[in-house]
Amino acid sequence: MRTKEDAQVDQSMVTDAGSTGAAPKPTVPVGRRTREVMVVSTSISPELRNEASVGLRPRPEYLVLEGEYGVELLDWSQVVRQPTRRTPAGSLRQVVTAMLRSQGVAGFLSDGEHVGLPLAQGLALRPRRPGHVVIAHHLTTPSKRKLLGLPGVAKAVDFFVVHSQTQIEALVADAGLLPEQVRLLPYGVDTDFWSANPMEEDPLVVSPGREHRDYVTFAAAMDGLNARAFVADGSSHSPAARRRVPGVWPANIDRGSVGMSDLRELYARAAVVVVPVVPTDFPAGITAAVEAMAMRKAVVISSTEGLRGALADPDAVVMVPPGDIEAMRLAITSLLDDPERRRRLGERARLAAHEHHDVRHFGAALHMLMSEAARTHG
């Protein structure tokens with residue numbers, strides 16, 4: 001249930017750059033476009049819904065949009081030759097499905113540029129298109145910049161949602177988007193799920209994630225320390241993600257793939273959580289960082305350009321230069337040696353995550369943009 005406080009954050013969470021079943025689908029009056037549809041790049045199974053509803057897994061923003069705002073979800077299960085992983089061909093089939101079902105749609109929300117840009121191509125051909133919002137994860141790669149430059153594509157997106165200040169500057173200055181098209185929203189996680197009583201095992205260091213991780217620097221920083229580390233770098237979603245790994249791992253580091261509940265337990269046990277990221281222009285590592293913040297953990301993270309402006313309270317974490325082994329080692333050891341500082345930092349991190357990075361705030365802000373885009377196009 002949305003509270004008065006939730007409603008008050010709807011406007012404040014958007015910065016201008018310049019039950020187990022699906023929610024009931026509304027009846028569409030003849031001649032009116034009232035449906036709101038989110039294109040979701042996964043299969044939303046009954047098991048996923050059940051697990052999210054009872055707290056066995058975090059609730060994603062698409063279930064918030066469905067449950068609290070009546071947004072329809074178009075996932076992989078509704079696509080011919082149902083995709084099982086993200087591929088260009090699967091994304092195109094999903095876009096075709098969205099176009100075929102677009103009658104009565106007032107606004108689309110695409111959960112990434114891999115579907116958002118092809119959908120924009122199709123919508124650009126419509127004399128009267130619906131509103132369109134795209135969550136842009138990494139829109140500055142050469143291939144995506146090429147798609148963005150095709151005739152009509154950029155104009156068929158009302159708002160690109162980004163999570164860092166660097167992305168705003170790149171998309172406006174370099175990609176030529178209008179400032180009012182690019183909106184900064186703090187990334188949101190389920191702070192109810194990512195919350196547990198601390199079970200700290202000093203000195204355990206946890207490093208989660210796979211995409212754009214710099215485990216060469218992390219391994220070198222941990223080598224020889226009187227502390228154990230666990231690297232949770234398994235990923236079925238992005239097994240080929242770009243990252244740096246050492247040829248030989250230090251003896252005090254274990255690695256493995258863990259599920260959401262096991263990762264939550266690891267966070268709870270950790271004295272320090274480290275998110276080492278290679279230099280990049282998009283906010284890689286933001287998910288792990290905010291999850292750990294919500295768990296009241298002292299977080300060390302690489303201060304990449306892509307993460308600039310991504311955290312509502314940057315002082316709630318310890319930032320170190322990317323690739324700087326000594327700075328990372330010092331950050332880890334100083335936190336391990338100071339339990340009271342870890343506690344204070346963790347409390348500040350939890351407050352920042354709950355007040356600014358909660359998935360309910362994220363969902364509310366996304367829905368506000370969907371509604372604004374829909375109103376623009378009648």
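The values are calculated or read from the model by the stated rules, or taken from the named source; none is laboratory data. Quick caveat, the model's predicted, so the values are computed rather than measured. Cβ: placed from backbone, ideal geometry, glycine included. Neighbour counts: every protein chain shown.
Figures for the structure shown
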| read-out | value |
| --- | --- |
| Residue within the range 320-330 that is of a type in the set (Asp, Glu) and under 19 Å from Asp223 (Cβ atoms) present | yes |
| Helices (runs of 4 or more DSSP H) contained in the range 28-112 and holding at least 2 residues under 21 Å from Pro127 (Cα atoms) | 88-100 |
| Pairs where the first residue, in the range 302-315, is part of a loop (DSSP other than H, G, I, E, B) and the second is among the charged types (D, E, K, R) and modelled with pLDDT of 95 or more, C-beta under 8 Å, 6+ apart | Ala312/Glu355; Asp313/Arg348 |
| Residue identified as modelled with pLDDT of 95 or more, of a type in the set (A, V, I, L, M, F, W, C), touching a Gly at 6+ places or on another chain (Cβ under 9 Å) and not in a helix (DSSP H, G or I) among Val133, Val205 | Val133 |
| Hits in the range 68-85 (condition: loosely packed, with under 15 Cβ neighbours inside 10 Å and either out of contact with any helix residue (DSSP H, G or I) (no Cβ under 7 Å at 6 or more places or on another chain) or under 18 Å from Arg33 (Cβ atoms) (or both)) | Ser77, Thr84, Arg85 |
| Residue under evaluation Glu47, criteria (1) surrounded by 13 or more Cβ atoms within 10 Å (Cβ to Cβ); (2) modelled with pLDDT of 95 or more, criterion not met | (1) |
| Complete set of residues in the range 127-146 that are farther than 16 Å from Val39 by Cβ and either assigned by TED's automatic domain parsing to the domain that holds Arg308 or out of contact with any Phe, Trp or Tyr (no Cβ under 8 Å at 6 or more places or on another chain) (or both) | Pro127, Arg128, Thr141, Pro142, Ser143, Lys144, Arg145, Lys146 |
| Candidates Ala173, Ala154 - the one that is surrounded by fewer than 24 Cβ atoms within 10 Å (Cβ to Cβ) and either over 20 Å from Ala310 (Cα atoms) or at pLDDT 95 or above (or both) | Ala154 |
| Scan of the range 215-261 for residues that are in a helix (DSSP H, G or I) and modelled with pLDDT under 95, ordered by number | Met260, Ser261 |
| Breaking point among (1) at pLDDT below 95; (2) buried (at least 21 other Cβ atoms within 10 Å of the Cβ); (3) not in a loop (DSSP other than H, G, I, E, B), for Ala288 | (1) |
| Condition met for Ala120 (at pLDDT 95 or above, under 25 Å from Arg375 (Cβ atoms), in the same structural domain as Val153 (by TED's automatic domain parsing) and not hydroxyl-bearing (Ser, Thr, Tyr)) | yes |
| Residue tally, condition touching a strand residue (DSSP E or B) at 6+ places or on another chain (Cβ under 8 Å) and under 24 Å from Leu123 (Cα atoms), over the range 147-166 | 7 |
| Lone unmet requirement of (1) out of contact with any Pro (no Cβ under 9 Å at 6 or more places or on another chain); (2) modelled with pLDDT of 95 or more; (3) of a type in the set (A, V, I, L, M) for Leu56 | (2) |
| Residue list for the range 323-367, filter: surrounded by fewer than 19 Cβ atoms within 10 Å (Cβ to Cβ) and either within 18 Å of the chain's Cα centre (by Cα) or closer than 17 Å to Glu68 by Cα (or both) | His354, Glu355 |
